[in-house]
Amino acid sequence: MTTGRGDRNDQDGAQAERAVQPTRRASFLQTMRAVAWSFFGVRKQSGYEQDAQQLNPVHVIIAGIIAAVIFVIVLLLVVRIVVS
């Protein structure tokens, strides 16, 4: 005769194991790709949720600064070409 407590303990143990497993962190290249998509303005909801779980905030800040500098340089080059 089971009281149901064993099943509950098994479920709690399985949930605890899932909670302990570390999430895989994204590489800097994956962070750059996510930042590029955000500059473009197109991203699936599932991709956004995955990014929110995996991206390192420091990498996002660095990648955003790099992308902004590249964007400004490209704009300056385009303006120089058009004006000349």
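Throughout, read-outs are computed from the coordinates displayed, never taken from laboratory work. All values derive from a computational prediction rather than experimental measurement. Glycine also receives a Cβ, built like all others from the backbone with ideal geometry; neighbour counts cover every protein chain displayed.
Return a whole-number percent for the relative contact order of the stretch 26-83, with Cα pairs under 8 Å and 6 or more residues apart as the contact set. Once normalised by length, the contact order is 48 percent.
Between ASN56 and ALA26, the built amide H atoms are under 5 Å apart, and every one of these is 5 or more places off in sequence or on another chain. Stretching the chain fully between ASN56 and SER38 yields a gain of 4.9 nm (0.36 nm per residue, less the alpha carbon separation). The order of the peptides 73-79, 63-69, 30-36, 40-46 by mean Cβ neighbours within 10 Å, most packed first, is 30-36, 63-69, 73-79, 40-46. Each listed q (0.29 Å⁻¹) maps to a log10 I(q)/I(0) for the stretch 26-83, found by the Debye formula over equal Cα scatterers with no solvent: -1.17.
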